[in-house]
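Visitor: One structure coming up, written as structure tokens, with questions to follow.
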Amino acid sequence: MKSLPVQGVRENVAIGARLRNARLARRYTLEQAAQLAGMTKGFLSRVERDLTSPSVASLVTLCQVLQIEVGSLFEAPRTSLIKLADAPVVDMGGTGIDERLVTGRQERSVQMLRAVIQPGGAGDAEPYAIDCELEIWHVVSGALDVTLHDATHRLEAGDTLTFPGREPHTWRNAADGESVVIFTLIPVAR
């Protein structure tokens, strides 16, 4: 009986960028991290660029220095794809507006809404506030008037307005046609 040739699967796993990001998050220079891990600066640089692979012992030591779990280097990133047609409709108030949540429902660090505002569409007559840390409004097309503190800001295509969450505001479509706006909401850290 002829034996089947079995070859090991060798798939290069690119961990260098994750190591570099962990190093930068700790605010270590390449030299500092290398010294703490007992490596040369050049070797660590090659590891971060995926030009060489560290031994298991070196990798464990480096992860200890960077205060990360070794396994985290090999985990697939959590991703979420929301097709616009499948994005859930939300109602944040106002008239003449179609708002859709374009980030995954499980996302807790940021929420993005895509709004199509019809001519004449407007927020509530009285200013309202949203319970979040920060709001970022970006006008993709059309124009939007946003009123904050009795001052009205005209946002046109390409303009972005950032203001603290919980700040009373209101808005209206300032274009002759529909306006498309991306609302990014940063929740309050709890």
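Visitor: For region 55-93, which positions are of a type in the set (S, T, N, Q) and either within 19 Å of the chain's Cα centre (by Cα) or open to solvent by less than 100 Å² (accessible area, probe 1.4 Å) (or both)?
Guide: If the condition is that a residue be of a type in the set (S, T, N, Q) and either within 19 Å of the chain's Cα centre (by Cα) or open to solvent by less than 100 Å² (accessible area, probe 1.4 Å) (or both), then 55, 58, 61, 72, 79, 80 are the ones that fit.
Visitor: Here's something else I'd like to know. Can you tell me which of (1) β-branched (Val, Ile, Thr); (2) under 29 Å from residue 81 (Cα atoms); (3) in contact with a strand residue (DSSP E or B) (Cβ under 7 Å, 6 or more places away or on another chain) is the one residue 188 doesn't meet?
Guide: (3)
Visitor: Continuing with the same structure: If we keep just the residues of region 107-141 that are under 23 Å from residue 157 (Cα atoms) and of a type in the set (D, E, K, R), which is modelled with the lowest pLDDT?
Guide: Looking only at region 107-141, we keep the residues that are under 23 Å from residue 157 (Cα atoms), and these are 110-124, 134-141.
When the remaining residues are screened for being of a type in the set (D, E, K, R), the result is 114, 124, 135.
Working: 114: 98, 124: 89, 135: 96.
Ranking the qualifying residues of region 107-141, first place goes to 124.
Visitor: Tell me yes or no: at least one residue of region 97-120 is loosely packed, with under 15 Cβ neighbours inside 10 Å, among the β-branched types (Val, Ile, Thr) and either in contact with a strand residue (DSSP E or B) (Cβ under 8 Å, 6 or more places away or on another chain) or part of a strand (DSSP E or B) (or both).
Guide: yes
Visitor: Anything in region 121-130 that is in a strand (DSSP E or B) and within 21 Å of residue 177 (Cα to Cα)? List them, or say none.
Guide: Answer for region 121-130, where residues must be in a strand (DSSP E or B) and within 21 Å of residue 177 (Cα to Cα): 121, 122.
Visitor: Also, I was wondering about something else. Looking only at region 148-163, count every residue that is modelled with pLDDT under 95 and open to solvent by less than 70 Å² (accessible area, probe 1.4 Å) and tell me the total.
Guide: So the count comes out to 2.
Visitor: Considering only region 34-84, state which residues are in a helix (DSSP H, G or I) and at positive phi.
Guide: none
The values are calculated or read from the model by the stated rules, or taken from the named source; none is laboratory data. Note that the structure is a prediction, hence the values are computed from the model and not measured. When we count neighbours, we look across all protein chains shown, and the Cβ atoms used for this are built from the backbone with ideal geometry, even at glycine. Just the protein is used for accessible areas: all its heavy atoms, side chains included, with ligands, DNA and RNA removed. Shrake-Rupley method; radii C 1.70, N 1.55, O 1.52, S 1.80 Å.
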